[in-house]
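Some notes on the structure that comes next.
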Protein chains: 2
Amino acid sequence: MARPYIPSLDLIDPASKGETWAIARLISRAEAGVPEVREAIGQIYKRVGRAHVVGITGVPGSGKSTMVNRLVRRLLDDGLRVAVVAIDPSSPYSGGSILGDRIRMSDLVMHPNVFIRSMATRGAVGGMAHAALDVVDILDLAGFDKIIIETVGVGQDEVEIAKASHTTVVVSAPGLGDEIQAIKAGILEIADIHVVSKCDRSDANRTLTDIKMMLRDGVGGALTRGWAPPVIGTSSLDNEGFEELVAAFEQHLAKLDGAPGIERREQISIFRLRKAAEALMLEKLRTESDFETYGQRVAARQTDPYSAASAIVKHFSTET
Amino acid sequence: MARPYIPSLDLIDPASKGETWAIARLISRAEAGVPEVREAIGQIYKRVGRAHVVGITGVPGSGKSTMVNRLVRRLLDDGLRVAVVAIDPSSPYSGGSILGDRIRMSDLVMHPNVFIRSMATRGAVGGMAHAALDVVDILDLAGFDKIIIETVGVGQDEVEIAKASHTTVVVSAPGLGDEIQAIKAGILEIADIHVVSKCDRSDANRTLTDIKMMLRDGVGGALTRGWAPPVIGTSSLDNEGFEELVAAFEQHLAKLDGAPGIERREQISIFRLRKAAEALMLEKLRTESDFETYGQRVAARQTDPYSAASAIVKHFSTET
């Protein structure tokens, strides 16, 4: 039986009361980037800004997912409502989900104060970042206290999403390969909080020391001005370090109540506006251009990609 | 002593004679996306199309880099001139290079028939893909027979670059972790040729069998219509399998001389045109829009990102 279509604007009210079906539908539409949902997102945007958005990123193999699972439990113990948005590096072709399976298997899915959702990175025009931030607003409207955005931390898009949160956590782990370590180096710089997971391992101390040394040498540093990123060891196996991690969240959040917070929120707003404008602009380019005709001439080398691209873009002029 | 500035158009001639200094300067400008180089790229584009472009991608830890090193040696033995463009997932913040160090250490750097270059993914407007393809054209002009584009194979941008080559090779390896395996699943689909590296390992047979089974089940399949992707085991340690791999290159290249080749080349041309147009369009958006004023209103929640983005994009109209 087909569900009746409810316009996005009419989903705002039930979503704000925490109705899961309404939240899920709004999120699906935001993720798909359907134009119809944009007015609703606009209205939601003006009502929210209460939730604490935590971006958690780390290379594959960093134990990030298990760590997030433990962290969510810890936050639930404090009586908080927690949402997790996992940015899913799914296949760009088949659309098959990668993190999806893990999420479905998670025993947290059934908890009344938890909402877990994976978002596929495939096919998003102008990147995923603005869709992810739309989803954050919907979850904020729905009354979640902590919204965790989990990304794999490879690829600029994922890094940008992590940056567009209030508090950015980078997860490292001992014993990863050289190439992974090198990719990791690129994301260490965006951390407000460093976590070294798998601290039950004997080689974890070296990883902790390495990150502390790096910070002392002035490499990296927080996104938040005037904040010294703590380095926290956790063990998902022994359930250790999460007390300290949650305390660091609160300290960083307190910091954000001051001037650095205003600065950070402005940066996020401008970033988000840019991403939204880029998406709309590329949509306009796609729908109002004749790529086929020009493309065939490029393929035949009668013209070159830049001349053809210039000719296409020249059709768009700004009003004066 | 500062080098005199030579306009890009004047670099075409020396670059076409294989002068490394001219090739390097053109590449640097293409990579930086400076507008001045575009006319030169346009002229180069109309002169090239001779080289065989091979995209090689694989997840971190797949032994891809060592494999490429062996492969280049094998191609040099055949008297070919070989260029390698390594798409480098460098830090988006410090700009620090990751693959760079490996490349500098490579003993191939000094070989007269080899050109190796790493390109950073940071900051490229509209993605790296069109800049990478510009670089390919410059190397084609310079007379390289095989141009290898090596990417880390995580992130849509990297996958797109691999797809934009004539022959796409996906490297797998035995014994990788679950999360890495899952990411890998997403890129297996784009392979014209599968390589399983580290075949000196005892568990390599299982990886070979897994990929063959997957292909038999109709999962994945080549980018090239009517082509059954071979699955080739290599061992960089024992220098085995490269004969077979090079033979597969030639078989695939022969296939591309027919109708599937024309189709593939048209797809690449249209893809490239799109990327170039997107880059120009976003440049136009950035330079002709007032993000600051709108951004502050969004930050103050006086308006929402979509309304502001619409207002910005509305300034751009198509001529009728």
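What the table below lists for this structure:
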{"item": "Which listed residue is within 30 Å of A:ILE44 (Cα to Cα), hydroxyl-bearing (Ser, Thr, Tyr) and part of a strand (DSSP E or B), from B:SER307, B:SER317, B:SER289", "result": "B:SER317"}
{"item": "Of residues in the range B:35-52 being free of Cβ contacts under 8 Å to residues at least 24 places away in the same chain and under 20 Å from the mean Cα position of the chain (by Cα), the one surrounded by the fewest Cβ atoms within 10 Å (Cβ to Cβ)", "result": "B:GLY42"}
{"item": "Of all residues making up the range A:30-40, the number that are more than 11 Å from A:LEU11 (Cα to Cα), assigned to a helix (DSSP H, G or I) and not acidic (Asp, Glu)", "result": "4"}
{"item": "Tally of residues being at pLDDT 85 or above and closer than 26 Å to A:ALA279 by Cα across the range A:118-153", "result": "15"}
{"item": "Yes/no for B:GLY221 being in the same structural domain as B:ARG74 (by TED's automatic domain parsing), modelled with pLDDT under 85 and farther than 30 Å from A:THR318 by Cα", "result": "yes"}
{"item": "Every residue from the range B:187-208 that is over 19 Å from B:GLN251 (Cα atoms) and in contact with a strand residue (DSSP E or B) (Cβ under 9 Å, 6 or more places away or on another chain)", "result": "B:ILE187, B:LEU188, B:GLU189, B:SER197, B:LYS198, B:CYS199, B:ASP200, B:ARG201, B:ALA204, B:ASN205, B:THR207, B:LEU208"}
{"item": "Per-region count, the range B:47-82, residues within 12 Å of chain A (Cβ to nearest Cβ) and modelled with pLDDT of 90 or more", "result": "3"}
{"item": "Criterion: of a type in the set (S, T, N, Q) and modelled with pLDDT of 90 or more - qualifying residue of B:SER307, B:SER269", "result": "B:SER307"}
{"item": "Tabulated pairs, the range B:247-270, first on the phi < 0 side of the Ramachandran plot and of a type outside the set (Val, Ile, Thr), second modelled with pLDDT under 85 and surrounded by fewer than 16 Cβ atoms within 10 Å (Cβ to Cβ), C-beta under 8 angstrom, 6+ apart or interchain", "result": "B:LYS255/B:GLY226; B:PRO260/B:ARG225; B:PRO260/B:GLY226; B:GLU263/B:ARG225"}
{"item": "Residue that is on the phi > 0 side of the Ramachandran plot, surrounded by 18 or more Cβ atoms within 10 Å (Cβ to Cβ) and touching a residue at least 24 places away in the same chain (Cβ under 8 Å), where the choices are B:GLY226, B:GLY233, B:GLY241", "result": "B:GLY241"}
{"item": "Test: residue in the range A:259-277 that is within 10 Å of chain B (Cβ to nearest Cβ), assigned to a loop (DSSP other than H, G, I, E, B) and either buried (at least 21 other Cβ atoms within 10 Å of the Cβ) or among the hydroxyl-bearing types (Ser, Thr, Tyr) (or both)", "result": "no"}
{"item": "Qualifying residue in the range A:240-251 (condition: at pLDDT below 90, aromatic (Phe, Trp, Tyr) and touching a Lys or Arg at 6+ places or on another chain (Cβ under 9 Å))", "result": "no"}
{"item": "Within the range A:186-200, tally of residues that are part of a loop (DSSP other than H, G, I, E, B) and farther than 20 Å from A:GLU243 by Cβ", "result": "2"}
{"item": "Single residue of the range B:290-320 satisfying the filter (more than 7 Å from every other protein chain (Cβ to nearest Cβ) and hydroxyl-bearing (Ser, Thr, Tyr)) that is surrounded by the most Cβ atoms within 10 Å (Cβ to Cβ)", "result": "B:THR303"}
{"item": "The one condition in (1) at pLDDT 85 or above; (2) out of contact with any strand residue (DSSP E or B) (no Cβ under 8 Å at 6 or more places or on another chain) that B:GLY261 fails to fulfil", "result": "(1)"}
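The values are calculated or read from the model by the stated rules, or taken from the named source; none is laboratory data. Model, not experiment: these values are computed from the prediction. All Cβ positions, glycine included, derive from the backbone under ideal geometry; neighbour counts span all protein chains shown.
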